[in-house]
Amino acid sequence: MTAHDDREKVLAAFGGKKGLIDSGIPSVIFLVVFNVTDHLHSALFASVAASALLTIIRLARRDTIQHALSGFVGVLICAWFANRTGNASDVYLPKLLTNLGYGTVYLIANLAGWPVLGLMLGPILGENLTWRNHPERKRAYLLASWLWVGMFFTRIAVQYPIYRSGNVNLLGTVNLAMGYPLFIATAYGSWQILKNAPKISTER
């Protein structure tokens, strides 16, 4: 298996390019509509409608809808939070809680010696759990997973104070800036670490 094949499998595991688009566009639309109309319900409706449309497009094209559907459910949850309180900033509260949840899981798994990336990517890359018996490969999965711990908790550290301030425009902008760019940088860094680590031979 080539490095390019491995890279494509890793990218697919993180949602792929379409997954990133499906999860990001509704957030952009929410921020734009909220700024134009200054009306929470209009912005929520626009973001939910955009997410639903993306899901329908994936179905019509017979694409994988896993990430579009999960994105749609995520948008509905965010909309429910904001609609329930009437506070536009609350549309970002589920994302903060999600980052806290994922960050905690990655942290505990690393401390326990079972890095999440190893559990998730090992089977995809044909290693299964044999990497645990290879110190250098295990160290690579641990290091790559620490990047994700850093990403999740950095998002919280930066965005939570803004959330508390109630500055929706700043929170939305920072959320976008720390969304795709930081995710892609973390995924790329993880890939570089794993690519340069000694591979485990699966030949018998």
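Brief remarks follow.
- Percent accessible area from carbon and sulfur atoms, the stretch 63-199, protein chains only, probe 1.4 Å: 67
- Exposure of Val174 as accessible area (Å², to 10), given a probe of 1.4 Å and all protein chains: 30
- Other residues with beta-carbon under 10 Å from the beta-carbon of Trp114 carry, at +1 per Lys or Arg and -1 per Asp or Glu, a net charge of +2.
- The stretch 60-126: equivalent-ellipsoid semi-axes (sqrt of 5 x gyration tensor eigenvalues, Cα, Å): 29, 21, 5
- At q = 0.16, 0.21, 0.32 Å⁻¹, base-10 log of I(q)/I(0) for the stretch 98-147 (Debye sum, equal scatterers on each alpha carbon): -0.40, -0.66, -1.22
- Volume of the convex hull of the stretch 109-203 (Cα atoms only), normalised per residue: 89 Å³.
- Electrostatic tally near Gly101: other residues with Cβ closer than 13 Å to its Cβ, Lys and Arg +1, Asp and Glu -1, net +2.
The values are calculated or read from the model by the stated rules, or taken from the named source; none is laboratory data. None of these values were measured; they are calculated from a predicted model. As a convention, Cβ positions derive from the backbone with ideal geometry for all residues, glycine included, and neighbour counts pool all protein chains shown. These accessible areas exclude ligands, DNA and RNA; they are computed on the full protein's heavy atoms, side chains included. Shrake-Rupley method; radii C 1.70, N 1.55, O 1.52, S 1.80 Å.
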